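Engineer: Here you go, one structure.
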Amino acid sequence: MTHIKGCIFDLDGVIVDTAKYHYLAWKRLASELGFNFTEKQNEKLKGVSRMRSLDILLEVGNKNFDDDTKLKLADKKNKWYVEYISKMDTSEILPGVKDFLMLLKKSNIKISLGSASKNSMLILENLKLKDCFDSIIDGNKVSKAKPDPEVFLLGAKELNLSPEECVVFEDAEAGVQAAKAANMKVIGIGSSSILHEADKVIKGFENQTLELIQF
Ligand code: BG6
Ligand code: MG
């Protein structure tokens, strides 16, 4: 039996549903560039870095730009995204998340964030969750995007734990792969058909107990 001493949480899609705001901002950019972007196409952007997301969007619209223009487009999308998430409050924390974090704290299990987002701090502040985390690894601290394990390995290191002592919570396929590559247990949040590589898959955190992190 593995004794889990640390939990590493992805942010978008695990703690809060920010995918809808990412979608609104990317859709707005697509529309400005003269093409439509559907919610189904947006699925491909989950867990993916900002610049890679832009590349996928531009592939959909069949558009090509030089690197400088691409940076400006990503910047524009981010300004709109930040406008949306600035209005977020604690009511947007996904059901059961706060209780589960409190249960971990009470049980002396360490907690880290492991997110690709460079906006993680703003979101955690608006959700008033920053103080729940013993370590925060976000898109500003890593150079390699998921499925590279860097973000989770850094999390374990900051918690002073070995990868084998940690479990990752992830909603994206690339994130599940990153956790596996880090040699960690991984619990998928969402559908088992998409997250089939995870050790367990749950719909959400409501009514979850410490049994969840026993393997
Ligand atoms: C991930 C999201 O958490 O962060 C992606 O799932 C997003 O959709 C990525 O592109 C980067 O986020 P940001 O906030 O730095 O643009
Ligand atoms: Mg996610």
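Engineer: Quick one: in the stretch 167-180, of everything that is among the small types (Gly, Ala, Ser) and over 19 Å from residue 3 (Cα atoms), which residue is farthest from ligand 2 (Cβ to nearest atom)? I'd like the intermediate steps shown before the answer.
Structural biologist: Residues of the stretch 167-180 that are among the small types (Gly, Ala, Ser), as a first pass: 172, 174-175, 178-179.
This time we only want the ones that are over 19 Å from residue 3 (Cα atoms), so: 172, 174-175, 178.
On the way: 172: 5, 174: 9, 175: 6, 178: 11 Å.
By that ranking, first place goes to 178.
Engineer: For the stretch 128-170, which residues satisfy the criterion of being in contact with a helix residue (DSSP H, G or I) (Cβ under 6 Å, 6 or more places away or on another chain) and farther than 20 Å from residue 182 by Cα?
Structural biologist: Once the filter is applied, which keeps residues that are in contact with a helix residue (DSSP H, G or I) (Cβ under 6 Å, 6 or more places away or on another chain) and farther than 20 Å from residue 182 by Cα, the stretch 128-170 yields 128, 130, 132.
Engineer: OK, next. Quick test for you: out of 125, 92, 43, pick the one residue that is open to solvent by less than 80 Å² (accessible area, probe 1.4 Å), within 18 Å of the chain's Cα centre (by Cα) and charged (D, E, K, R).
Structural biologist: Values: 125 fails: open to solvent by less than 80 Å² (accessible area, probe 1.4 Å); 43 fails: open to solvent by less than 80 Å² (accessible area, probe 1.4 Å).
The match here is 92.
Engineer: Follow-up. Of the conditions (1) in contact (Cβ under 8 Å) with a residue 40 or more places away in the chain; (2) within 16 Å of ligand 1 (Cβ to nearest atom); (3) hydroxyl-bearing (Ser, Thr, Tyr), residue 38 fails just one. Which one is it?
Structural biologist: Only one criterion in (1) in contact (Cβ under 8 Å) with a residue 40 or more places away in the chain; (2) within 16 Å of ligand 1 (Cβ to nearest atom); (3) hydroxyl-bearing (Ser, Thr, Tyr) is unmet by residue 38, namely (1).
Conditions tested, residue by residue: (1) without any contact (Cβ under 8 Å) to a residue 60 or more places away in the chain; (2) within 14 Å of ligand 1 (Cβ to nearest atom).
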residue	(1), (2)
143	yes, yes
159	no, no
163	yes, no
183	yes, no
186	yes, no
200	yes, no
210	no, no
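Engineer: Okay, moving on. So if I check each of 28, 52, which one is outside any loop (DSSP other than H, G, I, E, B), farther than 30 Å from residue 167 by Cα and open to solvent by 40 Å² or more (accessible area, probe 1.4 Å)? Let's see the steps before the verdict.
Structural biologist: Numbers: 52 fails: farther than 30 Å from residue 167 by Cα.
The match here is 28.
The values are calculated or read from the model by the stated rules, or taken from the named source; none is laboratory data. Remember, predicted model here, so these are calculated numbers, not experimental data. Using ideal geometry, Cβ is built from the backbone for each residue, glycine included, and neighbour counts are taken over all protein chains shown. Calculation scope for accessible area: heavy atoms of the full protein, side chains included, ligands and nucleic acids excluded. Shrake-Rupley method; radii C 1.70, N 1.55, O 1.52, S 1.80 Å.
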